[in-house]
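Input: a single structure, listed below in C-alpha cells.
The values are calculated or read from the model by the stated rules, or taken from the named source; none is laboratory data. Remember, it's a predicted structure, so these values are computed and weren't measured experimentally. Don't worry about glycine lacking a Cβ; one is built from the backbone with ideal geometry, like all the others, and counts go over all protein chains shown. Please note that ligands, DNA and RNA were not included when accessible areas were found on the heavy atoms of the full protein model with its side chains. Shrake-Rupley method; radii C 1.70, N 1.55, O 1.52, S 1.80 Å.
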Amino acid sequence: MRRALAVGALLLTLSGCAVVGDAAGPGETIVFEITAGDCLNDAAETGEVSTVAVVDCAKPHDSEVYAAIVMADGDYPGDEQVLTQANDGCRAEFERFIGVPAAESRYMFNALYPTEGSWNGGDREILCRVALVTDGMAEKVTGSLKGVAS
C-alpha cells in the first residue's frame with residue numbers, strides 16, 4: 001500500500017495521501033515509510049505522488065519531517081476535519097521542534113495527511129514537515145532544523 005501526496009495550500013503546502021501502487025524508483029521512498037526525522041527533497045512535487053526523495057539531513061534538502069500525529073480510528077472524518085487536525089497538530093508540534101511559535105518563525109510548516117482513499121486502507125498518520133520558504137519557494141537547507149529558534 002502507498003500513500004500519494006496531493007499538494008494544496010496550508011502555509012507552505014499541504015499534502016494529502018491516497019492509496020495507490022507500492023513501488024518506489026531509485027532514490028525514492030514510498031510515502032508510507034517516511035518517519036519523523038526524515039529529510040526530503042520534495043519541493044517540486046505537485047498533484048498526487050506516491051514516493052518522495054528522502055535524503056540524509058546532512059545533505060541539502062527542501063523539508064524535514066518533525067512530527068507524526070496519529071488520528072483516531074473510525075469513519076473518515078472528512079477533508080475539512082483532517083485539514084484542521086493537521087494544521088492544529090503541526091502548529092502545536094512546531095514550537096516544540098523549532099523553539100518558537102510558527103507565527104514568529106521564518107520557517108513554515110505543512111503536512112502529509114490521509115485522504116479518504118488512504119484512510120480506507122488504514123492510513124491515520126499526519127506527518128508534519130518544516131521548510132525555509134522565500135517568495136513561495138522552498139530553499140535548500142543543510143542539517144536538522146531542530147531547535148533553530150528562528
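Table for the structure above
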| read-out | value |
| --- | --- |
| Cross-chain or 6+ apart pairs with Cβ under 6 Å, region 18-39 first and at pLDDT 60 or above, then of a type in the set (Asp, Glu) and open to solvent by less than 40 Å² (accessible area, probe 1.4 Å) | Cys39/Glu64 |
| Residue in region 83-93 that is open to solvent by 30 Å² or more (accessible area, probe 1.4 Å), of a type in the set (A, V, I, L, M, F, W, C), in a helix (DSSP H, G or I) and touching a Phe, Trp or Tyr at 6+ places or on another chain (Cβ under 8 Å) present | yes |
| Residues being exposed (fewer than 13 other Cβ atoms within 10 Å of the Cβ), assigned to a loop (DSSP other than H, G, I, E, B) and small (Gly, Ala, Ser) - total across region 97-150 | 5 |
| Residues satisfying the stated conditions in region 59-82, i.e. free of Cβ contacts under 8 Å to residues at least 60 places away in the same chain and in a loop (DSSP other than H, G, I, E, B) | Met71, Ala72, Asp73, Gly74, Asp75, Tyr76, Pro77, Gly78 |
| Near pairs, Cβ below 8 angstrom, 6+ apart or cross-chain, from region 102-123 (within 24 Å of Asp73 (Cβ to Cβ) and touching a residue at least 24 places away in the same chain (Cβ under 8 Å)) to any residue that is part of a strand (DSSP E or B) and among the hydroxyl-bearing types (Ser, Thr, Tyr) | Ala111/Ser15; Leu112/Ser15; Tyr113/Ser15 |
| Residue list for region 57-77, restricted to those being more than 14 Å from the chain's Cα centre (by Cα) and surrounded by 11 or more Cβ atoms within 10 Å (Cβ to Cβ) | Cys57, Lys59, Pro60, Met71, Tyr76, Pro77 |
| Selection within region 101-134 - under 18 Å from Thr35 (Cβ atoms), touching a Phe, Trp or Tyr at 6+ places or on another chain (Cβ under 9 Å) and not hydrophobic (A, V, I, L, M, F, W, C) | Pro114, Ser118, Asp123, Glu125, Arg129 |
